[in-house]
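Working notes for the structure below.
The values are calculated or read from the model by the stated rules, or taken from the named source; none is laboratory data. Keep in mind it's a predicted model, so treat the numbers as computed, not measured. Neighbour counts are summed over all protein chains in view; Cβ atoms, including those assigned to glycine, are modelled from backbone coordinates with ideal geometry.
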């Protein structure tokens, strides 16, 4: 049975849309993707997102990309933990992204949250991705 990295594919869709200067992009819906998009919106990396359906009735997410002038707000997005190599960190061991200029996103026992929030709450978890 093949293992598919749906979060890695999702991050690649965002990376490619940003590099191609697309105004928006569409991706399949999942609760994890919505949680990641909420964090990206709150941090100012995307302009927003909306939920919808495709012509076959499946739920989709339309991501509205954000640009500052002609430069994408997302200059880099990197998958950290993969299905073949899960990386977990304790609350004190969570790495910082570009000395605090970027954001790391973790899945914890209290839900999906930024690394900063995880440190404040004293919880560790799986480091999903880094965005800068």
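Per-residue answers, yes or no, for (1) within 24 Å of residue 120 (Cβ to Cβ); (2) at pLDDT 95 or above:
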{"site": "1", "(1), (2)": "no, no"}
{"site": "27", "(1), (2)": "no, yes"}
{"site": "32", "(1), (2)": "yes, yes"}
{"site": "40", "(1), (2)": "yes, yes"}
{"site": "43", "(1), (2)": "yes, yes"}
{"site": "49", "(1), (2)": "no, yes"}
{"site": "52", "(1), (2)": "no, yes"}
{"site": "82", "(1), (2)": "no, no"}
{"site": "93", "(1), (2)": "yes, yes"}
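Filtering the range 98-132 to residues that are modelled with pLDDT under 95 and either buried (at least 18 other Cβ atoms within 10 Å of the Cβ) or under 17 Å from residue 40 (Cα atoms) (or both) leaves 98, 100, 101. Taken over the range 40-76, the criterion of being touching a residue at least 60 places away in the same chain (Cβ under 8 Å) and surrounded by 19 or more Cβ atoms within 10 Å (Cβ to Cβ) is satisfied by 40, 45, 74.
Just wondering, is there one or more residues in the range 82-89 that are in contact (Cβ under 8 Å) with a residue 12 or more places away in the chain and closer than 20 Å to residue 41 by Cβ? No - not one qualifying residue is present in the range 82-89.
Among the residues of the range 89-97, is any under 21 Å from residue 31 (Cβ atoms) and either outside the structural domain of residue 38 (by TED's automatic domain parsing) or in contact with a helix residue (DSSP H, G or I) (Cβ under 8 Å, 6 or more places away or on another chain) (or both)? Looking for residues that are under 21 Å from residue 31 (Cβ atoms) and either outside the structural domain of residue 38 (by TED's automatic domain parsing) or in contact with a helix residue (DSSP H, G or I) (Cβ under 8 Å, 6 or more places away or on another chain) (or both), one finds none in the range 89-97, hence no.
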